[in-house]
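Quick notes on the structure that follows.
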Amino acid sequence: VYHIPLLSVMFAFMLWIRTRHWERFVVDGQVLFSGNDAWYHYRMVEYTVRNFPATLPFDPWTGFPSGTSVGQFGTLFDQIMAAAALTVGLGSPTTEQVRMVVLFTPAVLGALTIIPAYLLGKRFSNRTGGLVAAFIFALSPGQFFTRSLVGFADHHIAETLFMAMAVVGVLAAVNVAMRDRPVWELVTAREFGPLRPTLIYSALGGVGISLYIWVWPPGVFLIGILGI
């Protein structure tokens with residue numbers, strides 16, 4: 001189990017480097033955010049906290065003055081933050097608690113992405129290869145790093161995490177299918193025992209893809225990539 005403490009250290013490093021200046025976002029006792037989109041998601045979370053698990057269906061301030069449906073902007077992302085705020089606030093979070101949850105969520109989700117990164121590396125190699133992939137991932141700069149910093153509460157980091165999880169699930173399903181080599185005759189004969197592992201892992205892969213699309217509906221393009 002040597003990979004577990006090593007992954008834990010890398011997770012802690014990723015979380016630390018993304019949150020080490022969090023106090024700069026607290027000005028005169030008020031929690032602020034980085035960029036416009038973080039404020040948008042904060043409004044969505046405030047609504048979801050009061051109407052959990054429902055999210056704001058229509059926003060007059062997006063595409064003002066006509067407004068627009070807001071389902072394409074990360075429903076699951078907002079629900080995750082609202083659930084975390086409700087947990088922290090024991091069912092009745094204060095405004096400050098909601099803002100602190102929104103502040104730290106991108107850093108936590110960014111650090112958690114190291115888990116599917118390790119699993120992907122392990123899938124194509126072994127545990128050592130997975131750890132090398134996770135280590136390189138932990139040191140990666142660029143857009144993934146900047147969009148997972150504390151205060152940058154936008155849906156992009158949730159996209160990265162859930163798409164990686166979806167790909168891990170699909171690869172696991174393909175691996176099990178290649179191992180068991182299920183045939184259609186088992187379905188027609190209603191012999192589902194040999195099909196059970198393939199069906200279970202396929203369902204898990206489908207759930208992973210569904211969660212990713214729930215975070216970002218245009219991510220349906222991933223299904224097209226898998227189809228090709």
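Mind checking whether some residue in region 13-35 is closer than 30 Å to THR68 by Cβ and in contact with a strand residue (DSSP E or B) (Cβ under 7 Å, 6 or more places away or on another chain)?
Within region 13-35, the first condition is being closer than 30 Å to THR68 by Cβ, and the residues that meet it are 25, 30-35.
Narrowing the set further to residues that are in contact with a strand residue (DSSP E or B) (Cβ under 7 Å, 6 or more places away or on another chain) leaves 25.
Yes, region 13-35 has at least one match.
For region 22-76, give me the residue count where each residue is in contact with a Ser or Thr (Cβ under 8 Å, 6 or more places away or on another chain) and open to solvent by less than 20 Å² (accessible area, probe 1.4 Å).
Count: 4.
Could you grab me the full set of residues in region 13-48 that are outside any helix (DSSP H, G or I) and not small (Gly, Ala, Ser)?
Within region 13-48, the subset outside any helix (DSSP H, G or I) is 20-21, 26-35.
Within region 13-48, ARG20, HIS21, VAL26, VAL27, ASP28, GLN30, VAL31, LEU32, PHE33 meet the criteria.
Counting only residues that are at pLDDT below 95, in contact with an Asp or Glu (Cβ under 9 Å, 6 or more places away or on another chain) and over 17 Å from PHE152 (Cα atoms), give me the helices (runs of 4 or more DSSP H) lying completely in region 49-125 with at least 1 of them.
On the way: elements: 75-88, 95-112, 114-124.
Here the list reads 95-112.
Among the residues of region 119-131, is there at least one that is charged (D, E, K, R) and within 18 Å of the chain's Cα centre (by Cα)? Spell out the reasoning first.
Keep residues of region 119-131 that are charged (D, E, K, R), which gives 122-123, 127.
Those left that are additionally within 18 Å of the chain's Cα centre (by Cα): none.
The answer is no; no qualifying residue exists.
Before we move on, is THR94 open to solvent by 20 Å² or more (accessible area, probe 1.4 Å), without any contact (Cβ under 8 Å) to a residue 40 or more places away in the chain and hydroxyl-bearing (Ser, Thr, Tyr)? Walk me through how you get there before you give the answer.
Values: open to solvent by 20 Å² or more (accessible area, probe 1.4 Å): yes; without any contact (Cβ under 8 Å) to a residue 40 or more places away in the chain: yes; hydroxyl-bearing (Ser, Thr, Tyr): yes.
Here the answer is yes, as THR94 does meet what is asked.
If I ask for residues that are within 22 Å of the chain's Cα centre (by Cα) and more than 24 Å from GLY129 (Cβ to Cβ), which ones from region 1-35 would you list?
Selection gives TRP16, ARG18, THR19, ARG20, TRP22, PHE33, SER34, GLY35.
Can VAL88 be described as in contact with a helix residue (DSSP H, G or I) (Cβ under 9 Å, 6 or more places away or on another chain) and either touching a residue at least 24 places away in the same chain (Cβ under 8 Å) or surrounded by fewer than 13 Cβ atoms within 10 Å (Cβ to Cβ) (or both)? Outline the logic, then answer.
Values: in contact with a helix residue (DSSP H, G or I) (Cβ under 9 Å, 6 or more places away or on another chain): yes; either touching a residue at least 24 places away in the same chain (Cβ under 8 Å) or surrounded by fewer than 13 Cβ atoms within 10 Å (Cβ to Cβ) (or both): no.
Spelling it out, it is not the case that VAL88 is in contact with a helix residue (DSSP H, G or I) (Cβ under 9 Å, 6 or more places away or on another chain) and either touching a residue at least 24 places away in the same chain (Cβ under 8 Å) or surrounded by fewer than 13 Cβ atoms within 10 Å (Cβ to Cβ) (or both).
For GLY130, indicate whether it is over 24 Å from VAL220 (Cβ atoms), touching a residue at least 60 places away in the same chain (Cβ under 8 Å), open to solvent by less than 60 Å² (accessible area, probe 1.4 Å) and of a type outside the set (Ser, Thr, Tyr).
Numbers: over 24 Å from VAL220 (Cβ atoms): yes; touching a residue at least 60 places away in the same chain (Cβ under 8 Å): yes; open to solvent by less than 60 Å² (accessible area, probe 1.4 Å): yes; of a type outside the set (Ser, Thr, Tyr): yes.
Taking the combined requirement at face value, the residue satisfies it.
The values are calculated or read from the model by the stated rules, or taken from the named source; none is laboratory data. Source: prediction; values computed, not measured. FYI the Cβ positions are ideal-geometry reconstructions off the backbone, even for glycines, and counts take in every protein chain you see. Quick note on the areas: whole protein, heavy atoms, side chains included, nothing else; ligands and nucleic acids left out. Shrake-Rupley method; radii C 1.70, N 1.55, O 1.52, S 1.80 Å.
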